[in-house]
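The values are calculated or read from the model by the stated rules, or taken from the named source; none is laboratory data. Worth saying up front: this structure is predicted, and the values here are computed from it rather than measured. In this analysis, Cβ positions are derived from the backbone assuming ideal geometry, glycine residues included, and neighbour counts consider all displayed protein chains. When the accessible area is computed, the model is the full protein with side chains, heavy atoms only, and any ligands, DNA or RNA have been set aside. Shrake-Rupley method; radii C 1.70, N 1.55, O 1.52, S 1.80 Å.
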Amino acid sequence: MNAPAHRLPPGQVRIDGFPRFGVQLDRPPPTVPDDPSIEIGGVVAEPFTLPLTDLAALPRRELVADLHCVAGWSATDLRWEGVAFETVHRLVIEPALPAETVPTHAVFEGLDGYRSIVVLDDVLQDDVILADHLDGRPLDGAHGAPVRLVSPNQYGFVSAKHVCRIEIHTAEPRQRYHPTPSVQAGLQIVKPHRRANVWREERHRYLPAWLVRPIYRHVVSAIRAFGARRRRSA
């Protein structure tokens, strides 16, 4: 049964469950290191490492939010727990920036090689967190262990999984998103939208929403069928 229309952004359809999405769906999720950490780089004065034990010790918060895939499906009422990225930026990253540096963009890179490139102001919003728990349990590999970005008002391609590196930049960095060359080449053509706001239906930079909706509708059907098979085999 679909969620009420007013709950969902334009062009989205509610699905049951929360399917795994991202790179290399035909392979197991990346292995989590024994002592996971996040490398902090870019325009910081000196690159450094943030152990996830230190991240978990920062002020924590819970967030109930939907996740909207650019393909048109939405997983609703997910209960995340972690640390607001604004807190991480203010307490950990900002003190490491050289004086008078004006950062504009951030890159979140995962253990799977995927990179999310975002406007910094968008991920400094109050509802953006680095999550390590989902629905009361530590993140599993399918959904981004050990920690992932969650930005509810942007399409899911912003919410990088398995985050192991964060870069801060003073201009939009080179647009490398996907570790698979063929997929990266395709993304260079369609280009993810710079802001990816779900309520403005900012899916791609150059392709209008009316053009991609019918294509993505077939993807949603395939994901539903895949989820049903997974539930039957569980």
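Looking at segment 151-158, is at least one residue surrounded by fewer than 16 Cβ atoms within 10 Å (Cβ to Cβ) and either at pLDDT 80 or above or farther than 18 Å from Leu8 by Cα (or both)?
Checking segment 151-158: not a single residue is surrounded by fewer than 16 Cβ atoms within 10 Å (Cβ to Cβ) and either at pLDDT 80 or above or farther than 18 Å from Leu8 by Cα (or both).
Just for segment 184-224: of the residues that are over 13 Å from Gly72 (Cα atoms) and exposed (fewer than 10 other Cβ atoms within 10 Å of the Cβ), which one is modelled with the lowest pLDDT?
Ranking the candidates gives Ile189 first.
May I ask you to list the residues in segment 17-37 that are aliphatic (A, V, I, L, M), at pLDDT below 80 and open to solvent by 40 Å² or more (accessible area, probe 1.4 Å)?
Hit for segment 17-37 is Leu25, nothing else.
If you take the residues in segment 48-60 that are of a type in the set (A, V, I, L, M) and either assigned to a helix (DSSP H, G or I) or free of Cβ contacts under 8 Å to residues at least 40 places away in the same chain (or both), which one is least open to solvent (accessible area, probe 1.4 Å)?
Among residues in segment 48-60 that are of a type in the set (A, V, I, L, M) and either assigned to a helix (DSSP H, G or I) or free of Cβ contacts under 8 Å to residues at least 40 places away in the same chain (or both), the one least open to solvent (accessible area, probe 1.4 Å) is Leu55.
Name every residue in segment 111-131 that is part of a strand (DSSP E or B), under 21 Å from Asp66 (Cα atoms) and not polar (S, T, N, Q), in order of residue number.
Of the residues in segment 111-131, the ones part of a strand (DSSP E or B) are 115-119, 129-131.
Restricting the remaining residues to those that are under 21 Å from Asp66 (Cα atoms) gives 116-119, 129-131.
Hits for segment 111-131 are Ile117, Val118, Val119, Ile129, Leu130, Ala131.
Taking segment 94-110 only, how many residues are touching a Gly at 6+ places or on another chain (Cβ under 9 Å) and either closer than 19 Å to Cys164 by Cα or assigned to a helix (DSSP H, G or I) (or both)?
Residues flagged as touching a Gly at 6+ places or on another chain (Cβ under 9 Å) and either closer than 19 Å to Cys164 by Cα or assigned to a helix (DSSP H, G or I) (or both) within segment 94-110 amount to 4.
Out of all the residues in segment 114-141, which are among the small types (Gly, Ala, Ser) and under 19 Å from Asp35 (Cα atoms)?
Within segment 114-141, Ala131, Gly141 meet the criteria.
Looking at (1) in a strand (DSSP E or B); (2) open to solvent by less than 50 Å² (accessible area, probe 1.4 Å), find the lone condition where Asp77 falls short.
Tallying (1) in a strand (DSSP E or B); (2) open to solvent by less than 50 Å² (accessible area, probe 1.4 Å), Asp77 fails exactly one: (2).
Does Ala75 satisfy the criteria of being modelled with pLDDT under 95 and in contact with a helix residue (DSSP H, G or I) (Cβ under 6 Å, 6 or more places away or on another chain)?
Details: modelled with pLDDT under 95: yes; in contact with a helix residue (DSSP H, G or I) (Cβ under 6 Å, 6 or more places away or on another chain): no.
For Ala75, the condition - modelled with pLDDT under 95 and in contact with a helix residue (DSSP H, G or I) (Cβ under 6 Å, 6 or more places away or on another chain) - is not met.
All but one of (1) modelled with pLDDT of 95 or more; (2) open to solvent by 20 Å² or more (accessible area, probe 1.4 Å); (3) closer than 20 Å to Arg174 by Cβ hold for Glu94; which doesn't?
(3) is the only condition that Glu94 fails.
With respect to Thr104, is the statement that it is within 28 Å of His204 (Cβ to Cβ) and modelled with pLDDT under 95 true?
Spelling it out, it is not the case that Thr104 is within 28 Å of His204 (Cβ to Cβ) and modelled with pLDDT under 95.
Within segment 132-162, count every residue that is among the aliphatic types (A, V, I, L, M), over 12 Å from Val83 (Cα atoms) and part of a loop (DSSP other than H, G, I, E, B).
Within segment 132-162, residues that are among the aliphatic types (A, V, I, L, M), over 12 Å from Val83 (Cα atoms) and part of a loop (DSSP other than H, G, I, E, B) number 3.
Given (1) out of contact with any Asp or Glu (no Cβ under 8 Å at 6 or more places or on another chain); (2) modelled with pLDDT of 95 or more, where does Arg14 come up short, assuming only one miss?
Status for Arg14: all satisfied but (2).
Given the options Ala45, Ala71, name the one that is among the aliphatic types (A, V, I, L, M), over 30 Å from Pro10 (Cα atoms) and in a loop (DSSP other than H, G, I, E, B).
After applying the criteria, what remains is Ala45.
Consider only pairs whose beta carbons are under 6 Å apart and that are at least six residues apart or on different chains; among these, list those whose first residue lies in segment 1-20 and is under 10 Å from Gly72 (Cα atoms) and whose second residue is open to solvent by 50 Å² or more (accessible area, probe 1.4 Å) and at pLDDT 80 or above.
Correct list of pairs: Pro9/Trp199; Gly11/Arg213.
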